[in-house]
1. Along the charge dipole of the chain, which of ASN90, TRP166, THR274 sits closest to the positive end, that is, farthest toward it, with unit charges on the beta carbon of Lys, Arg, Asp and Glu (+1, +1, -1, -1)?
2. What fraction of the DSSP beta bridges in the chain is antiparallel, stated in percent and rounded to the nearest 5?
3. If you average 1/r across every pair of different Cα atoms in segment 205-292 and take the reciprocal, what Kirkwood value do you get, in Å?
4. Once you have all Cα-Cα distances for segment 45-104, histogram them in 5 Å bins from zero and send the whole-percent values.
5. In a Debye calculation with equal point scatterers on the alpha-carbon sites of segment 9-52 and no solvent, what is log10 I(q)/I(0) at q = 0.22, 0.26 Å⁻¹?
6. May I ask which residue of VAL27, GLN12, THR51 lies farthest towards the positive end of the charge dipole of segment 1-86, with charges of +1 (Lys, Arg) and -1 (Asp, Glu) on Cβ and the Cα centre as origin?
7. For the ranges 347-360, 391-404, what's the packing order if you count other beta-carbon atoms within 10 Å of each residue, average per peptide, and put the highest first?
8. Under a point-charge model restricted to the Cβ atoms of Lys and Arg (+1) and Asp and Glu (-1), what is the dipole moment magnitude of the chain relative to its Cα centre, in debye to the nearest 20?
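Here, each number is a calculation from the coordinates, and none is a lab measurement. Computed from a predicted structure; not experimentally measured. Reconstructed Cβ throughout: ideal geometry from the backbone, glycine too, with neighbour counts over all protein chains shown.
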Amino acid sequence: MTHFLNNYLGGQWQSGAAAVHTLTDPVTGETLAAAGGAAAGLAEGFAFARTEGAKALQALTYGQRAAMLSEALKVLQAKRDDYYAISLANSGTTKADSGIDVDGGLFTLGYYAKLGTALGDARALTDGAAAVMSKDQLFQSQHLMVPARGLALFINAFNFPSWGLWEKAAPALLSGVPVVIKPATVTAWLTHQMVKDVVDAGILPPGALSIVCGSSAGLLDALTPFDVLSFTGSADTAAAIRMHPAIARDSVRVNIEADSLNVSILGDDALPGTPAFDLYVDNLVREITIKSGQRCTAPRRALVPRGVLQAVGEAVAGKLAAIRVGNPRHADTGMGALVSRAQLDSVREGLALLRQEASVMFDGSAQPLLDADERSACVAPTLLAVRDTDAATAVHSHEVFGPVSTLIGYRDSAHAAELAHRGLGSLVASVTSDDDALLARFAHELAPSHGRVHLVSPAVAKTQTGHGNVMPASIHGGPGRAGGGEELGGLRALAFYHRRSAIQGPATALEQAKVGTTAYGY
Ligand code: NAP
């Protein structure tokens, strides 16, 4: 059966649009769903969100909005099995990989429901204490953070149709800002189903949550200066978005999460046979294969001491060889498909580019696919190793969005850090070592070019949250090539959906302005 992903704007499901885009099963090629072309009624729908949606949301306290998030979570939890089924069919993911998206989204929603409850009856936030501006102390300045007047438009990437929605929508709705979500077309079905389930449950006020599927045409034109835009996707689309007049001229606040050449570093103390070495190998294999490498945080560059590069390569290759690739419906499949044939082509092109400067240490393509054939978007994992560390360039600039990582041999820690910075800004760098002093030094070295630095020693082998997993308590985003954005990080996420204003006036008036606020702190 083909589902039509109709748009929900202005508190109404739109019907009657012609199917322009189709969504397919990347393993079987079956058509699953369809979406229309350019959306009708964007300006009116956005205006409805800004007025009706925002008014209803902002009439509530943080605590009341947090309760709504909890109710939405209950609705979604009751339909988890449906979401896993959609994910399997439309993203070609194994159950574990579907869980990262589906349950990761629900976990993040629940996390913000809990954080919001603690904000209680407030409707705005105070940022810091009042500053005294006059000798008699009567004239002061108090920074106040109030919910943005506009709406939040989310334009998302294909790889996280659930998590990508909720990691953005939860802090926005908690802030009292209405959401319009535009999922990537190729996997929009899951996002659409989740939005539909929450809308049908009648938990959120009309205009609080809207969805546009199928075409991005006109979305940016419909933005007005107080709106905010959060984009996740490729650097090319990000560059086009930055040049749109809504952003370039009207200063719509924008957050961008784009390509990232993340690094995973093995400390030079971690020789073969040590627990840290084994940990590094296990984690690298996991990161290469989770969601077939289609995570923005996956370590594309594996920096290892050059003396152990061969040993790392052999250990990783041995484990990759044990992972069967194919149809996620088959019980023995450890890694499913890429999201589409177009992504398969893109991965193959990227591999060809990297192979100009790197040798193949492992290529799983000799193994037959399980219950899938060459018409599917399945691709085997590949491990490469650069031939000349200092001369290699593509490995630091071209993100292959698939199960591919490249070993790079470094001389010493300073060299490793310098190579890491060559990614020109990434979401995450991880370091594995049994030397806390070395880990601490790397933290300071890597932080300027990485949004998150993930330190791993054998002591936290079982408890560490994983190089690629984005936890809502930590910020997600990175400088430079990674887009320069910042999301999540607990209550820090709320800042994007609030306006900070310096309120200057008599101390007595400021005291009154602080009624119904709570302190913005972490
Ligand atoms: P994409 O082609 O840039 O598409 C991303 C989104 O932008 C989709 O919803 C797409 O809609 C929309 N879009 C395309 N052209 C647009 C335009 N001119 N104006 C407005 N919106 C437009 O990226 P993708 O292929 O889906 O995602 C893969 C990339 O995303 C990878 O490079 C990966 O690194 C990056 N990514 C980054 C993060 C992160 O957190 N940093 C997370 C995930 C992915 P359609 O689908 O309808 O074309």
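1. The one lying farthest along the dipole's positive direction is TRP166.
2. Values: 28 of 75 bridges.
Of all bridge pairs located within the chain, approximately 35 percent are antiparallel.
3. 16.9 Å
4. Each 5 Å bin holds this share of Cα pairs: 4, 17, 17, 13, 13, 14, 14, 8, 1.
5. Rounded to two decimals, the profile gives -0.77, -0.89.
6. Checked the options; the winner is THR51.
7. On the way: 347-360: 15.8, 391-404: 19.6.
With the highest mean Cβ count within 10 Å placed first, the list reads 391-404, 347-360.
8. Working: 41 positive and 48 negative charges, 220 e Å.
Here the size comes out at about 1060 debye.
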